[in-house]
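**Q** Questions regarding the structure given below will be posed in turn.
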Amino acid sequence: MTLETERLTFRRWQDADADILFEYASDPELGPRAGWPPHQSVEESHTIIRDVFGGDTMWAIVLKETSKIVGCIGYLPHGMSNIPIGEAEAEVGYWIARPYWNQDICTEALRWLIGYCFNTMHFTALWGDFFVDNPASGRVMEKCGFIDTGQETTCPNLLSGKDRKVRVKKLER
């Protein structure tokens, strides 16, 4: 499986990425849209890279033109998901730094992740959820073929926004 698209490459997060992650994740508009509080220090960003982004299911999104990280994308398999899913299913998640919003980067990255999840990981379905007050995230899923399930719930596993409603979408193979 290739780790690139026309404009993007995907790579594992590295300790050296803590400064750029902090630059983006300290933005008070970004984290709450994705379910986490703004980062307060580079050390906190380093801890997130090690403890959250460091596994085999998360990638830094890198813009080929500049070789700069612009966001993060990944999946949570059954047992790690924020919502109830089946054993052969995964929940997708992503964020893009504010300077790169409205450039279809997230849509391009999600299309890549869908291919990876279905063709490499052989999941039978993908799930996504977004805060109802962040419809742009839901539009990204719609562009990639996700269907609204009509379900709204909360995600008690989130670091922030545990009591905020999320809308659930699904994409089947």
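**Q** Return a yes/no flag: does the range 122-138 have any residue that is free of Cβ contacts under 8 Å to residues at least 12 places away in the same chain, over 14 Å from the mean Cα position of the chain (by Cα) and outside any loop (DSSP other than H, G, I, E, B). First the steps, then the outcome.
**A** Looking only at the range 122-138, we keep the residues that are free of Cβ contacts under 8 Å to residues at least 12 places away in the same chain, and these are 135.
Checking which are over 14 Å from the mean Cα position of the chain (by Cα) leaves us with 135.
So of that shortlist, the ones also outside any loop (DSSP other than H, G, I, E, B) come out as 135.
Within the range 122-138, one or more residues are free of Cβ contacts under 8 Å to residues at least 12 places away in the same chain, over 14 Å from the mean Cα position of the chain (by Cα) and outside any loop (DSSP other than H, G, I, E, B).
**Q** Would you mind telling me which numbered condition in (1) without any contact (Cβ under 8 Å) to a residue 24 or more places away in the chain; (2) under 19 Å from Cys144 (Cβ atoms) Glu87 fails?
**A** Tallying (1) without any contact (Cβ under 8 Å) to a residue 24 or more places away in the chain; (2) under 19 Å from Cys144 (Cβ atoms), Glu87 fails exactly one: (2).
**Q** Quick check on this structure: which one of Thr66, Thr57, Thr124, Thr120 is on the phi < 0 side of the Ramachandran plot, surrounded by 14 or more Cβ atoms within 10 Å (Cβ to Cβ), at pLDDT 95 or above and polar (S, T, N, Q)?
**A** Working: Thr66 fails: surrounded by 14 or more Cβ atoms within 10 Å (Cβ to Cβ); Thr124 fails: surrounded by 14 or more Cβ atoms within 10 Å (Cβ to Cβ); Thr120 fails: surrounded by 14 or more Cβ atoms within 10 Å (Cβ to Cβ).
Only one candidate passes the filter, namely Thr57.
**Q** While we're looking at this one, here's another question. Quick one: which residue in Cys117, Cys144, Cys72 is in contact with a Lys or Arg (Cβ under 7 Å, 6 or more places away or on another chain), within 22 Å of Phe10 (Cα to Cα) and touching a residue at least 12 places away in the same chain (Cβ under 8 Å)? Break it down stepwise before answering.
**A** Numbers: Cys117 fails: in contact with a Lys or Arg (Cβ under 7 Å, 6 or more places away or on another chain); Cys72 fails: in contact with a Lys or Arg (Cβ under 7 Å, 6 or more places away or on another chain).
None of the others qualify; the one that does is Cys144.
**Q** State whether one or more residues within the range 151-171 are loosely packed, with under 13 Cβ neighbours inside 10 Å and at pLDDT 90 or above.
**A** No, the range 151-171 has no match at all.
**Q** Let me ask something else about it. Considering only the range 54-90, state which residues are under 21 Å from Phe123 (Cβ atoms) and of a type in the set (Asp, Glu).
**A** Listed by number, the residues that qualify are Asp56, Glu87, Glu89.
**Q** Still on this structure, I have one more. What tally of residues in the range 24-59 results from selecting those that are β-branched (Val, Ile, Thr) and over 20 Å from Tyr75 (Cα atoms)?
**A** The total comes to 1.
**Q** For Arg33, indicate whether it is surrounded by 14 or more Cβ atoms within 10 Å (Cβ to Cβ), of a type outside the set (Val, Ile, Thr) and either under 14 Å from the mean Cα position of the chain (by Cα) or modelled with pLDDT of 95 or more (or both).
**A** Details: surrounded by 14 or more Cβ atoms within 10 Å (Cβ to Cβ): yes; of a type outside the set (Val, Ile, Thr): yes; either under 14 Å from the mean Cα position of the chain (by Cα) or modelled with pLDDT of 95 or more (or both): yes.
Criteria met by Arg33.
**Q** Go through the range 36-50 and give me each residue that's crowded, with 17+ Cβ neighbours inside 10 Å, touching a residue at least 24 places away in the same chain (Cβ under 8 Å) and not hydroxyl-bearing (Ser, Thr, Tyr).
**A** Trp36, His46, Ile48, Ile49
**Q** Then there is this: Go through (1) surrounded by 16 or more Cβ atoms within 10 Å (Cβ to Cβ); (2) farther than 15 Å from Met58 by Cβ; (3) of a type in the set (A, V, I, L, M, F, W, C) one by one and return the number of the condition Ala88 breaks.
**A** In the conditions (1) surrounded by 16 or more Cβ atoms within 10 Å (Cβ to Cβ); (2) farther than 15 Å from Met58 by Cβ; (3) of a type in the set (A, V, I, L, M, F, W, C), Ala88 misses (1) alone.
The values are calculated or read from the model by the stated rules, or taken from the named source; none is laboratory data. Quantities reported herein were computed from a predicted structural model and do not represent experimental measurements. Methodologically, a virtual Cβ is constructed for each residue, glycine included, from the backbone with ideal geometry; neighbour enumeration extends over all protein chains shown.
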